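Here's the structure, in structure tokens; my notes come after.
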Amino acid sequence: MQTPYLLVLYYSRHGATAQLARHIARGAEAAGIEARLRTVPPVSADCEATAASIPDAGAPYCTLDDLRHCSGLALGSPTRFGNMAAPLKYFLDNTSEIWLSGALIDKPAGVFTSSASLHGGQETTLMSMMIPLLHHGMVIAGIPYSETSLNKTQSGGTPYGASHVSGGQGQNKIATDEINLCKAQGKRLGELALKLVRRTA
């Protein structure tokens, strides 16, 4: 039997979403599950352009098998006009074979995002990322209001998923409440994934 893991899959252009991903991974590991950080390559504006199979820095690129065999998923993207970024959407658009097999049905999933401004479309971006996961049959888990940082935050953080307000030039450090919510989301997803793995073992 394969060791269970939470796949933390994200796209990050300037690094803010990648930072959130690492905090979510730490939360998952606190729940006792492996966190597997993966990213996706950028989409090229040039026809037929191809990226190297291994990124220069950061997490490796996600494969379909990384997604297929995960025990749970945390999906992250910066906001793009209130929607997920094209590279992440492109990756998800190519997961039809996983959808056909039903490999993700009943697995827990959550979403996270970052934006330059406070009202930069965080919640619609989070909702947009949930849609393909619902089509895959995943069980969406947000952040409950029992997490005190959800009531205190003056920047990012929503019940739909963790978030960060980076500022117009990316100058804002991730706030303590934002970090706490990332870790709480990762821990919750990790705990849910392990419960489901044990139940079906």
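At a glance:
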| read-out | value |
| --- | --- |
| Test for residue 79: is it under 30 Å from residue 171 (Cα atoms), in contact with a Ser or Thr (Cβ under 6 Å, 6 or more places away or on another chain) and modelled with pLDDT of 95 or more | yes |
| Output for region 134-177, where each listed residue is more than 18 Å from residue 13 (Cβ to Cβ), open to solvent by less than 40 Å² (accessible area, probe 1.4 Å) and not in a loop (DSSP other than H, G, I, E, B) | 149, 150, 158, 161, 177 |
| Criterion (assigned to a strand (DSSP E or B), in contact with a strand residue (DSSP E or B) (Cβ under 7 Å, 6 or more places away or on another chain) and either open to solvent by less than 20 Å² (accessible area, probe 1.4 Å) or within 15 Å of residue 182 (Cβ to Cβ) (or both)) met by exactly one of 6, 67, 88 | 6 |
| Residue list for region 151-173, restricted to those being under 13 Å from residue 123 (Cβ atoms) and touching a strand residue (DSSP E or B) at 6+ places or on another chain (Cβ under 8 Å) | 156, 157, 160, 161, 162, 163, 165 |
| Residue check, residue 101 surrounded by fewer than 15 Cβ atoms within 10 Å (Cβ to Cβ), polar (S, T, N, Q), in contact (Cβ under 8 Å) with a residue 12 or more places away in the chain and closer than 15 Å to residue 158 by Cβ | no |
| Enumeration of residues in region 14-35 that are farther than 17 Å from residue 180 by Cβ, open to solvent by 30 Å² or more (accessible area, probe 1.4 Å) and either modelled with pLDDT of 95 or more or in contact with a strand residue (DSSP E or B) (Cβ under 6 Å, 6 or more places away or on another chain) (or both) | 32, 34 |
| Evaluation of residue 137 against (1) modelled with pLDDT under 95; (2) touching an Asp or Glu at 6+ places or on another chain (Cβ under 7 Å); (3) among the small types (Gly, Ala, Ser) (one fails), failing number | (1) |
| Per-region count, region 70-85, residues open to solvent by 10 Å² or more (accessible area, probe 1.4 Å) and closer than 18 Å to residue 3 by Cα | 1 |
| Qualifying position, being among the polar types (S, T, N, Q), buried (at least 20 other Cβ atoms within 10 Å of the Cβ) and part of a helix (DSSP H, G or I), among 114, 128 | 128 |
| Yes/no for residue 201 being more than 24 Å from residue 62 (Cβ to Cβ), open to solvent by less than 60 Å² (accessible area, probe 1.4 Å) and of a type outside the set (D, E, K, R) | no |
| Within region 136-193, considering residues that are of a type in the set (A, V, I, L, M) and touching a residue at least 60 places away in the same chain (Cβ under 8 Å), the one nearest to residue 97 (Cα to Cα) | 138 |
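The values are calculated or read from the model by the stated rules, or taken from the named source; none is laboratory data. What you see is a predicted model, and the numbers here were worked out from it, not measured in a lab. Don't worry about glycine lacking a Cβ; one is built from the backbone with ideal geometry, like all the others, and counts go over all protein chains shown. Just the protein is used for accessible areas: all its heavy atoms, side chains included, with ligands, DNA and RNA removed. Shrake-Rupley method; radii C 1.70, N 1.55, O 1.52, S 1.80 Å.
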